[in-house]
Amino acid sequence: MARDEYRDKVIIKKRMLISFSILFILFFLLCIRLSYIMIVQSEHLTKLAKEQWTSDVKIDAKRGRILDRYGRELAVSANVFRVDLDMNTFRQYLDENGLTKEQIAPKIANALNMESDEVLKILNKTLPGGLPMASANLARRIEKAEADKVRDLNIRGLLVSSDTKRYYPNDNFLSHVLGFVRSDGVGLNGVELSYDEVLSGIPGRLIAETDNKSKGQPYIISEFTKPVDGKDLVLTIDEMIQHFAEKAAAQALSDNKAKAVTIIVMDPNNGEILAMANKPDFNPNDPWEQGKTDDELQKMWRNRAVSDTFEPGSIFKVITAYAAMEEKLVEEDDRFVCGGSSRILNRTIHCWKRTGHGEQNFVDILKNSCNVGFMELGRRLGKQNLVKYINQFGFGKKTGIDLPGEAKGIIRKVEDITDVDVATISFGQSNTVSAIQYLTALNAIANGGKLITPHIMKEVIHYDEDNKKVIDQKYEKYNERSILKEDVANTLREYLEKVVSEGGGKNAYIPGYHIAGKTGTAQKVDSVTKTYAAGKYIASFGGMAPADKPIISLFVSIDEPDPSNYYAGQIAAPVAKQIFNDIFNYLGIEADASAVEIAESMKKDVLIPELRGMKKTEAVKILKELKLEYEIDSKGEYIVDMNPKPGYSVKEGKKIVLYTGTGSNYNKEVVVPNLIGYSKEKASQILEELGLKAEFTGEGLVAEQNIEEGQKVGKGTTLFLELDIVPD
């Protein structure tokens, strides 16, 4: 018996020991688990808990304004509203009223002009761990009418508060420079992107705690951080000069049926950009145009003045000319003989005038933009010196402009350059540049030799409690360095003034003003074949004024103009003339000539059309469209004669005298117009409208005509035209 009892006690002890061991192990594991939860997962679980019992709403700061140099508003933030959800309060409201999310979503959607499914998706949002959210944003930047509709719903947990919306009061004006913001207010392009940190300010924060029933005071504010509004960004842009550039660019785009037009106006002495216009453009208030692909939108938003590169053509001859002058490889009286082409190794390279310019001095090759003359300058410089000056002027690297998306262009390395390349580079082929690069380089010639970083920001400001202006930051990254000899730059400006007054840039000439500049017509390279594309050109003009001490520099580029008239001297120079004249009047720059002379020179040239044989009403309508005055008698129904005769070139506003009769018969005499520089198609069209015929020889644009301008001939006369001009 004693043995059985002993055995039972041993068994009980063993069982107790096993049970205790199991309990101990379980307790130990539980401790480990509790330790893991309380120590390792403490921060994460605390965060989840807080998200459940608190409402955390980010309060955006008011975005700073963008102003022109005189404080005129270019971008502002208007007061609008936002709708947020306190989810705990909202769920309590649904429970108390026996409603479901599916039932309430359509009412909210109707007030906010949203889709019910979109609202329901937000209402059903959960935390990453699957737990219900404590707060969510329902709508941003809504107008007062929508906000009032939400308030009228009287739904607890639906919070309406102030918000801001970006607004551009001038719509498309300066759009590529300003850029725009995303739906969340973050800068996406232009200065909105490059100065986003300055403009955006510091957001505030509202954290609210909720009770279990959300009644009475539904939440107690435990933390509130006031947002710090963004600062105002003052640009170097002059709104008035920008208006001049925008107007001229839009007109040039339309007149020339061009793909794009770019215009930049700068102060060459400090690198400030006074105007930068690209056409076509977009409205930053609604940049997401319907029907456009992402690629099309990116192209539309791209600032071509900064992001696009091209072969400069003859405007680059300014750089070659300076290099040869500083190296003392050319004098003003040096003689150059142009026979229309030059043979380099096994290749014949033509001048734009195939029959040649004959004997010229250095100033003449600039005025005539002679390729053969500049190929000789390239030969004298050699590839080492040529590349040295190209680099010195800043080509092949970014200017450092404070706008996004800048391209640096392509400059050939010395070791890759052949003698043929030296020849073509000297007159603007082979290398590529951007518009802002070229004008920055031209500024160095304008200001006497300093290369200065171009910039769009003038200063960053805010206003204190007394509404006094406080300057927080001024632009300081000028990186000014002397790269040219002042006396050489001054002399070159004198030569470039003759280009405008006497040479290829004469259509930019304004009597009484001293403008220096250079035109260039460059054939575009096909991006696929890497060869020059037929009928695709870029016509450019780069200039400065007054020539002796420039305060304005200007660049005009017309991309892919109508191939019937693409010559830069005919289409880019007149655009520059108009802008210069507008700026001179705005700045009050006095001229050496009378106001009458200047006003007359600014009028467009109009070729008098053939009106004889037409009815009076039809003839008068045509003259009005051409902005020509007229004087007409009342004898008959048909125009039988006119003075001046068809074919004469006159200025807008000129009075044309019309004589009438009862029949449509008339004197068949017309005047031969000036056709130099026109394409074969354009010249044919003009002559056909005058009742004249044409025979052509050669290729390119009209270089010679056998009957001089102004000669009277009979209808049906044939003119012999020699095509000899190619892009310079």
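The values are calculated or read from the model by the stated rules, or taken from the named source; none is laboratory data. Just so it is clear, the model here is predicted, and its values are computed rather than measured. Heads up, the Cβs are rebuilt from the backbone with ideal geometry, glycines too, and the neighbour counts pull from every protein chain shown. These area figures cover heavy atoms from the full protein model, side chains too; ligands, DNA and RNA do not enter into them. Shrake-Rupley method; radii C 1.70, N 1.55, O 1.52, S 1.80 Å.
Below are the figures for this structure:
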| quantity | calculated |
| --- | --- |
| DSSP-loop trypsin sites (Lys or Arg not before Pro) across the stretch 226-269, with at most 12 other Cβ within 10 angstrom | K257 |
| Reachable lysines from K62, criterion Cα separation under 18 angstrom, eight or more residues apart if same chain | K144, K165, K226, K231, K469 |
| The chain, relative contact order [Cα under 8 Å, separation at least 6], % | 10 |
| The stretch 390-532, relative contact order [Cα under 8 Å, separation at least 6], % | 18 |
| Listed residue (M457, S314, A423) projecting farthest to the positive dipole end of the chain, Cβ model | M457 |
| Length-normalised contact order of the stretch 453-516 in % [C-alpha pairs under 8 Å, at least 6 apart] | 21 |
| For the stretch 474-544: rounded, prolate or oblate by the Cα gyration tensor [a/c cutoff 1.5] | oblate |
| Ratio of Rg to Rh over the stretch 298-393 (Cα coordinates, Kirkwood Rh, two decimals) | 1.06 |
| Those lysines that a straight Cα-Cα span of less than 21 Å connects to K367, excepting residues fewer than 8 apart in one chain | K317, K328, K353, K498, K506, K518, K549, K577 |
| Cα shape, the stretch 639-693, gyration tensor, a/c 1.5 rule | oblate |
| Pairs from K247/K627; K107/K292; K408/K450; K259/K530 whose Cα-Cα separation, in the structure shown, is over 22 Å | K107/K292 |
| All aspartates and glutamates inside 14 Å of K524 as judged from Cα atoms, apart from same-chain residues fewer than 8 positions distant | D308, E311, D559, E560, D562, D728 |
| Carbon/sulfur fraction of accessible area - the chain, other protein chains in place, 1.4 Å, % | 50 |
| Counted charge near R347, where neighbours are those whose Cβ lies closer than 13 Å (Asp, Glu -1; Lys, Arg +1) | -1 |
| Net dipole in debye of the stretch 256-372 [+1 Lys, Arg Cβ; -1 Asp, Glu Cβ; about Cα centre; nearest 20] | 660 |
| Amide proton proximity set for K62, modelled H, under 5 Å, gap of 5+ | D229, G230 |
| Under-5 Å amide H pairs with I552, H placed in peptide plane, nonlocal only | A545 |
| Helix 435-446 axis, angle to the chain major axis (alpha carbon atoms, nearest 10°) | 60 |
| Part-to-part distance (alpha-carbon centres) for the stretch 407-449 and the stretch 607-643, which is given in Å | 51 |
| Mean Cβ neighbour count within 10 Å, used as a protection proxy, ranking 99-106, 418-425 highest first | 418-425, 99-106 |
| Volume of the Cα convex hull of the stretch 241-301, divided per residue and given in Å³ | 107 |
| Kirkwood hydrodynamic radius of the stretch 409-549, Cα pairs, Å | 18.3 |
| Accessible solvent surface per residue of the chain, calculated while the other protein chains remain in place, 1.4 angstrom probe, Å² | 49 |
| From the C-alpha gyration tensor of the stretch 670-728, square roots of 5λ in Å | 19, 11, 9 |
| GluC sites (Glu not before Pro) lying in DSSP loop within the stretch 248-355, provided at most 13 other Cβ fall within 10 Å | E289, E331, E332 |
| Rg in Å to one decimal, and Dmax rounded to a whole Å, for the stretch 376-463 via C-alpha atoms | 15.6, 61 |
| Dipole magnitude (debye, nearest 20) for the stretch 115-154, charges at Cβ of Lys, Arg, Asp, Glu | 200 |
| Which labelled figure in [x] 58; [y] 46; [z] 51 is percent of Cα pairs over 36 Å apart, once derived from the coordinates | [x] |
| Three-way shape label, the stretch 592-728, alpha-carbon gyration tensor, a/c 1.5 | oblate |
| The stretch 247-350, Cα convex hull volume normalised per residue, Å³ | 228 |
| Inter-part distance where the stretch 682-728 and the stretch 340-404 are each reduced to a Cα centre, Å | 31 |
| Over the chain: helical MRE at 222 nm, DSSP H runs n ≥ 4 each giving -39500 (n - 2.57), nearest 500 | -10500 deg cm²/dmol |
| Net charge dipole size for the stretch 57-179 [Lys, Arg +1 and Asp, Glu -1 on Cβ; Debye, nearest 20] | 480 |
| For the chain, with +1 on Lys and Arg beta carbons and -1 on Asp and Glu, the positive-most of T225, Y638, F20 along the dipole | F20 |
| Kirkwood Rh and Cα Rg combined as Rg/Rh, the stretch 520-639 | 1.13 |
| Surface accessible to a 1.4 Å probe, E376 within the full protein complex, Å² | 50 |
